Amino acid sequence: MTRHLVDLASVGAEMILEWVSRARVLRDMPRSEREKICAGREVVHLFLEPSTRTRVSFEIAAHRLGARVIDFDTEASSLQKGESLYDTVRTIEAMGTDALVIRHGENHAPNELAKRTRGAVINAGDGTRAHPTQGLLDLLTLLDEFGDLAGRKIAIVGDVKHSRVAGSDLVAFTSAGAEVVLVAPPELRREDVPPGVTFEEELDPLLPTLDAIVMLRIQRERLDAELALDTEAFVARYQLSEARLAMIPAHGIVMHPGPMNRGVEIVDAVADGPRSRILDQVGRGVAVRMAVLEWSLGGAR
Ligand code: NCD
């Protein structure tokens with residue numbers, strides 16, 4: 001059976017938590033056993049926007065399950081000759097591949113493909129909307145830290161308007177019972193926010209109440225031309241400095257999906273300090289992507 005993952009909002013809390021528990025089982029499984037799970041399967045990577053960790057992490061996850069990855073070189077493809085995304089995907093599928101992991105600059109591009117393709121479609125980030133596996137890996141990081149998220153308060157800070165990570169994190173965290181606060185200046189707020197999620201403009205008064213803070217990069221490439229964001233003012237108000245970190249209770253952790261703009265939303269000492277879970281997040285990405293690939297591919301062939 002072919003199963004798509006386009007966003008977390010459409011799958012529900014139960015499935016989200018199931019992927020997270022399956023990720024824990026898969027990461028502890030002996031290699032020889034794990035490699036049989038999706039043996040013989042083929043996953044095509046179609047990344048139309050830059051990616052470091054997501055792409056490599058999906059690739060490692062597929063290999064660990066015994067599947068093969070075909071990396072589609074979008075620069076050297078007929079997409080550059082005006083072939084539509086749909087025709088490109090249909091052409092690849094005609095070769096008998098099983099799943100497509102896609103990153104695209106336009107919102108809903110994976111949803112559209114999922115309606116019209118034979119193989120599974122897994123969203124690796126669409127525009128400003130969703131990045132479901134990032135939501136899952138961030139949730140796994142928090143659950144590994146705190147056991148459960150009931151009564152926990154998490155702030156997502158910075159360019160939440162253009163961040164697809166924010167879009168998926170807030171669904172993932174609220175599904176596990178956490179309280180989520182989005183912290184941003186008015187011009188960087190987002191609209192697709194589920195009930196219960198609140199906005200704050202000021203970060204400092206919140207800090208003593210937090211269990212975790214997720215810092216986000218300003219998505220310069222997506223800022224409207226008319227929005228002249230003043231970086232200095234942003235830094236003064238939102239940068240996670242050592243002084244701000246000291247205001248978060250001692251058990252509180254720091255997260256960031258990467259790529260970081262050091263010196264803007266976060267300083268080196270915090271990013272590399274003992275309360276940072278940034279590299280732990282990366283490690284967990286492989287585990288949740290194995291869970292999603294297994295679910296989507298439905299086993300070996
Ligand atoms: C992000 C993305 O591409 O959505 N990175 C990631 O996948 N971990 C965040 C970003 O680009 O800022």
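The values are calculated or read from the model by the stated rules, or taken from the named source; none is laboratory data. Just so we're clear, the structure is a prediction, and the values are computed from it rather than from any experiment. Don't worry about glycine lacking a Cβ; one is built from the backbone with ideal geometry, like all the others, and counts go over all protein chains shown. Only protein heavy atoms, including side chains, enter the accessible area calculation; ligands, DNA and RNA are left aside. Shrake-Rupley method; radii C 1.70, N 1.55, O 1.52, S 1.80 Å.
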Study note, to complete from the structure: Taking first residues from segment 120-132 that are over 9 Å from residue 108 (Cα atoms) and second residues anywhere that are assigned to a strand (DSSP E or B) and near the ligand (Cβ under 9 Å from one of its atoms), the pairs with Cβ under 7 Å that are 6 or more apart or on different chains are 124/103; 125/103; 131/125
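State yes or no: is residue 25 β-branched (Val, Ile, Thr), in a helix (DSSP H, G or I) and more than 16 Å from the ligand (Cβ to nearest atom)?
yes
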Check your understanding: Can you name the number of the only condition in (1) more than 16 Å from the ligand (Cβ to nearest atom); (2) of a type in the set (Gly, Ala, Ser); (3) at pLDDT 95 or above that residue 196 fails?
Key -> (3)
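Please pick out the residue among 48, 17, 26 that is aliphatic (A, V, I, L, M) and at pLDDT below 95. Even if it seems obvious, please write down each step before you answer.
Working: 17 fails: at pLDDT below 95; 26 fails: at pLDDT below 95.
It is 48.
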Check your understanding: Residues in segment 244-301 that are closer than 19 Å to residue 29 by Cβ and part of a helix (DSSP H, G or I): how many?
Key -> 15
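If we only count strands (runs of 3 or more DSSP E) wholly inside segment 100-216, which ones have 1 or more residues that are assigned by TED's automatic domain parsing to the domain that holds residue 55 and over 23 Å from residue 242 (Cα atoms)? Give the derivation first.
On the way: elements: 120-126, 153-157, 179-183, 198-200, 212-215.
Per the criteria, 120-126.
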Practice item. Identify all residues within segment 61-83 that are open to solvent by less than 50 Å² (accessible area, probe 1.4 Å) and either farther than 26 Å from residue 133 by Cα or not in a strand (DSSP E or B) (or both); write none if there are none. Key: 61, 62, 65, 66, 67, 72, 74, 77, 78, 79
Check your understanding: Inside segment 46-95, can you point out the residues that are within 16 Å of the ligand (Cβ to nearest atom) and aliphatic (A, V, I, L, M)?
Key -> 46, 48, 56, 60, 61
Review point. Checking residue 244 against (1) touching a residue at least 40 places away in the same chain (Cβ under 8 Å); (2) crowded, with 16+ Cβ neighbours inside 10 Å; (3) within 25 Å of residue 283 (Cα to Cα), which single condition isn't satisfied?
Key: (3)
Practice item. Look at segment 221-241 and say how many of its residues are assigned to a loop (DSSP other than H, G, I, E, B), more than 16 Å from the ligand (Cβ to nearest atom) and in contact (Cβ under 8 Å) with a residue 40 or more places away in the chain. Key: 1
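From the list 54, 117, which one is touching a strand residue (DSSP E or B) at 6+ places or on another chain (Cβ under 6 Å) and surrounded by 17 or more Cβ atoms within 10 Å (Cβ to Cβ)? It would help to see each step written out before you state the result.
Values: 117 fails: touching a strand residue (DSSP E or B) at 6+ places or on another chain (Cβ under 6 Å).
Answer to the selection: 54.
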Check your understanding: What residue, of 262, 289, is in contact with a helix residue (DSSP H, G or I) (Cβ under 8 Å, 6 or more places away or on another chain) and not assigned by TED's automatic domain parsing to the domain that holds residue 153?
Key -> 289
